Amino acid sequence: MSNSEQVSSPLLRVQELRTWFHTFGGLVKAVDGVSFDLAPGEIMGLVGESGGGKSMIGFSIMGLIDPPGRIEGGRIEFDGRNLVSLSEDEMRGIRGKEIAMIFQDPMTALNPLYTIGNQIEETLALHTALSARERRAKAIEMLHRVGIPQPEQRLNHYPHQFSGGMRQRVVIAIAMIAKPRLLIADEPTTALDVTIQAQLLRLMRQQVVESGTSMILITHDLAAVSQMADTIVVLYCGRIVEKGPAEAIIARPRHPYTRGLIDSIPHETAETDGPKPRLSQIPGNVPDIRRLPPGCAFAPRCRFATEICRTTDPVLAEQPAGRSSHPHAVACHHPLAVSP
Amino acid sequence: MFGYTIKRLIQMVVVLWAVSVLVFVMMSFTGDPTFMMVPLDATDEQIAQARRILGLDESHLVQYWRFLSNIVQGDFGRSFVFRQPAMTLILERLPATLEIVFLAMVMALLVAIPLGVYAGANPKKPASRAVMAGSLVGISLPGFWLGMVLIFVVAVKLQWLPSSGRGPTTEWLGMRVSFTSWEGFRHLILPAITLSVGTLAILMRIIRAEMVEVMKQDYIKFARAKGATAKVILFKHGLKNALIPLVTVFGLMLGDLIAFATLTETIFAWPGIGKLLVDSIYRGDRPVIVVYLMFVALMFVVVNFIVDVCYALIDPRIKIK
Amino acid sequence: MAAPHPLSSAPVPSRLQRFFASEFFHNYRRNLSAVLGSLIVLGFLFMVTIGPFLVSQNPYDVAQLDLMAAFKPPAWLAGGSSEFWLGTDGQGRDVLASIVYGSRISLIIGLVAMGGACLLGTTLGLIAGFYGGRLDAIIMRIADIQLSFPSVLTALFLMSAFGTGLDKVLIALISVGWVVYARTVRGSTLRETQKEYVQAARVSGLPNRKIILRHVLPNVLTPLIVVATIQVGTFVLIEASLSFLGVGVPVTQPSLGLLIKNGFDVLFSGLWWVSIFPGLFIMLLVFGINLLGDFLRDELNPRLK
């Protein structure tokens with residue numbers, strides 16, 4: 001997807017976003033100075049370990065940050081409008097219609113007391129002037145498109161009558177039915193069976209590609225992202241440590257953290273009968289985000305860390321090497337050499 | 001559904017049987033009713049004869065058996081005081097109690113649902129905190145004392161409403177009721193308010209707690225992500241989920257109202273079954289106490305059965321097995 | 001293993017210091033209603049212990065009563081006397097003094113009955129949860145049936161069977177109050193006995209009594225704190241209701257509820273202070289207890305946070 005060379009204005013431009021939580025234990029800088037662009041039709045993977053503030057970027061864009069959380073600063077420009085400064089009412093018109101979101105757990109995202117037909121049509125009722133009959137027809141068509149058999153009957157069923165995978169299809173249908181221009185998928189397959197995960201990722205990719213929707217795929221699963229995304233943003237402790245075109249990041253990671261994430265993916269070659277390479281793990285755990293060490297947050301877990309890493313924040317800088325239309329940037333004092 | 005009904009019916013009978021045993025055991029404690037029946041200067045001969053007539057000379061097991069078979073046949077004995085079938089006394093006074101209980105329940109629901117929903121949906125707002133503080137006062141005050149305050153302020157000082165008695169009644173669906181006439185309704189107001197306050201406060205807290213819990217659910221956030229209006233989120237997605245558990249407390253609520261009606265009716269000299277019970281306890285009128293107990297037990301059991309069926313009808317997740 | 005903490009050379013904080021530094025204490029201090037609730041409760045405890053020495057008369061010592069001082073209104077009303085702040089009743093008893101003595105009886109009943117109900121309910125709950133089987137079934141069925149009846153009604157029937165008396169009120173309250181402990185304790189006991197350390201203790205042949213006391217009991221107590229706190233308030237209210245109906249405490253040991261009943265008879269003549277003030281004190285006491293209970297529930301039950 002990264003082939004289009006034309007410099008179109010981005011659909012979404014996030015600049016210096018800071019979303020902080022004021023808790024008893026201290027200030028949690030869940031999102032701390034994050035910037036990225038998303039072109040129309042682009043699929044971006046937002047990757048990091050759990051607790052890294054990935055979801056909060058999604059909720060910040062949706063304007064769904066609840067106290068004690070707050071957007072402290074930065075801009076979220078969507079189609080030229082700064083979402084941060086919009087009123088709740090204006091934001092409501094954008095949610096579901098322009099920007100839709102898919103949640104992690106399909107078992108809890110659907111209201112148990114309403115039929116799925118009701119819940120799919122609700123989005124249309126909120127954002128369109130369609131008649132009840134038209135809404136129903138659209139809902140049936142949408143269910144069909146997300147691969148739910150016998151949609152006419154299934155429309156009248158309640159969420160508890162569906163399996164987890166089927167429910168997530170329903171959630172995708174709800175998100176996509178108003179033809180949003182941006183879809184934020186927050187760990188959409190994490191709660192599901194491994195065998196269903198790939199199916200659903202394919203389905204989502206197919207849906208957004210067909211309708212030209214941009215997508216932010218929030219996940220800790222770099223393997224899933226590498227198959228789907230055009231660009232990848234790697235997040236660590238609320239900050240971007242590396243971003244760039246997906247192939248470049250997967251093939252030539254420059255940040256030791258990204259490298260660690262890639263090395264912990266089970267290789268696809270594992271399917272062949274050859275000797276399985278040992279999976280490496282990043283040593284240590286994500287630090288307490290309320291008490292980050294000075295300098296690079298990754299330094300305590302990093303093999304290559306030196307004195308400067310423990311004192312000075314690294315700056316996210318474009319790497320001159322391998323320059324392309326999509327810049328590859330990394331925030332590291334000792335970026336890895338491009339391996340052969 | 002049929003199997004479930006049968007199962008529940010059997011359960012109901014077992015509960016009622018257990019209650020009958022408890023009632024019987026307790027009544028055996030209360031001392032000898034013979035002395036209620038005989039003159040103060042009765043000879044031993046006369047006392048013994050009275051005991052024979054009452055069946056008290058036989059073993060407890062035989063007495064219980066007689067007690068149970070009488071109950072099953074609908075014979076609860078006669079009131080020692082009124083010389084009437086105890087059941088008749090209860091049924092005569094039942095409409096008066098149902099009237100204030102029903103009105104109190106309606107008032108409690110009408111006030112508690114909107115306030116509880118508001119406080120639950122906006123837990124941080126000052127108005128919600130005020131509502132919660134008010135409800136805490138409501139569960140902390142003795143209801144009968146509140147009734148006395150109302151009597152003193154509204155009836156004695158301001159003389160707006162009557163302080164006691166039932167006022168004129170009219171025939172309605174075969175019952176004598178007061179709410180059909182203005183004067184009768186005026187008599188109804190203070191007892192109903194007094195009775196409703198405790199239930200109202202508890203209901204409000206339950207609804208608020210449910211609402212707080214529901215508003216944290218993913219489906220609420222998902223509805224917000226759909227762009228749903230505050231109204232849709234609150235009333236479509238929030239309220240219905242919060243109110244379902246309310247159905248289950250309906251039985252408890254009714255129980256509380258019936259129980260506290262004994263106090264309310266005593267204060268307002270309201271001629272319902274609650275006042276009958278208190279009077280009968282004073283007079284040691286054992287058959288009336290027994291009927292009251294069995295009757296109230298039956299009522300609770302039936303109401304709880306209806307509640308369970310309603311619950312299954314409202315919540316699609318529940319299947320009656 | 002974790003790296004040595006840079007501050008590990010600092011003196012270990014005492015238990016009390018840890019408490020003052022804890023989130024619990026932090027939340028407590030910031031929670032106005034929790035502070036208010038404990039102040040009210042402390043005030044009552046102070047009143048029932050020291051109060052009798054501070055009030056002008058012992059209302060149940062007939063020698064100290066003066067019939068000439070009967071039905072005096074509160075001090076700030078016309079005809080009131082500064083000697084009787086809250087007025088007097090028909091026997092010339094100081095209403096405030098009656099309230100001090102009455103609060104003592106109400107509070108003692110509430111606390112003792114709570115203790116009894118807690119002991120009985122916890123024991124039965126532990127037995128039901130630990131041993132299961134038929135014993136469990138019987139205990140829990142009784143609890144179910146009892147729960148379907150309102151406590152006030154059950155207590156009223158028990159009192160009508162027993163007759164009035166302080167001891168009988170206690171028995172009645174304990175009989176209606178044990179259920180809630182039994183259910184809570186049984187639930188947590190079931191959860192606790194599933195855990196490995198209890199299983200291990202069982203396998204190692206530790207006698208059941210020791211397992212229950214040493215391993216299960218300490219782990220099921222926390223939720224009871226909230227139940228017990230709120231129950232004291234509930235018991236004060238039930239006792240007041242029973243005494244108001246005349247089947248509670250005897251007239252020689254009047255609780256706040258009985259004071260209300262005694263004042264009710266003269267309410268219609270406009271002598272409101274005899275009954276309204278005792279009710280106000282019940283409300284204040286139970287309100288304080290409930291404020292505290294609410295705070296404890298929010299703090300000790302993480303599900304609600």
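Some notes on this structure:
- Candidate aspartates and glutamates for bridging to B:Lys275, where Cα separation is under 16 Å - those fewer than 8 sequence places away on the same chain excluded: B:Glu92, B:Glu99, B:Asp256, B:Glu265, B:Asp285
- Rounded if a/c under 1.5, otherwise prolate or oblate - the protein assembly as shown, Cα gyration tensor axes: prolate
- Shown for C:Ser151, C:Ser204, C:Ser33, C:Ser106: other C-beta atoms within 10 Å of each C-beta, ranked fewest to most, produce the order C:Ser204, C:Ser33, C:Ser151, C:Ser106.
- Restraint check, A:Lys138/B:Lys240; A:Lys54/A:Lys243; A:Lys54/B:Lys221, Cα-Cα greater than 19 Å: A:Lys138/B:Lys240
- For the options C:Trp273, C:Trp85, C:Trp178, a Gaussian network treatment of chain C with springs between C-alpha atoms closer than 10 Å singles out C:Trp85 as fluctuating the most.
- Cross-link reach list, lysines versus B:Lys7, counting only Cα pairs under 25 Å and skipping chain neighbours closer than eight places: B:Lys319, B:Lys321
- Length-normalised contact order for the range B:90-274 - Cα pairs under 8 Å, 6+ apart - percent: 36 percent
- Cross-link reach list, aspartates and glutamates versus B:Lys124, counting only Cα pairs under 13 Å and skipping chain neighbours closer than eight places: A:Asp66
- Legend: translational diffusion of the range B:90-274 by Stokes-Einstein, Rh = Kirkwood radius over C-alpha pairs, 25 °C, 0.890 mPa s; D = 138 µm²/s.
- Mean-square fluctuations from a GNM of chain A, with a 10 angstrom spring cutoff on Cα atoms, peak among A:Ala185, A:Ala129, A:Ala329 at A:Ala129.
- Across chain A, Cα pairs under 8 Å and at least six residues apart give a relative contact order of 20 percent.
- Antiparallel bridges, percent of DSSP beta bridges restricted to chain A (to nearest 5): 60 percent
- Residue order, fewest to most surrounding Cβ atoms within 10 angstrom, among A:Glu88, C:Glu192: A:Glu88, C:Glu192
- Packing, as the average of other Cβ atoms within 10 Å across residues, places the peptides A:233-241, C:248-256, A:60-68, A:168-176 in the order A:168-176, A:233-241, C:248-256, A:60-68, highest first.
- Relative contact order of chain B, pairs being alpha-carbon contacts under 8 Å that are 6 or more residues apart, as %: 25 percent
- Look at the dipole of chain C built from charges on Cβ: of C:Met140, C:Val176, C:Pro73, the Cα furthest out on the positive end belongs to C:Met140.
- Result for chain C in a Gaussian network model with C-alpha springs under 10 Å: among C:Phe281, C:Phe235, C:Phe53, the largest mean-square fluctuation is at C:Phe53.
- Residues A:His255, A:His328, A:His144 arranged by fewest to most Cβ contacts within 10 Å: A:His144, A:His328, A:His255
- Across the range A:99-179, counting alpha-carbon atoms alone, Rg and Dmax equal 11.3, 32 Å.
Read the figures in this text as sums done on the coordinates, not as results from a lab. Worth saying up front: this structure is predicted, and the values here are computed from it rather than measured. Heads up, the Cβs are rebuilt from the backbone with ideal geometry, glycines too, and the neighbour counts pull from every protein chain shown.
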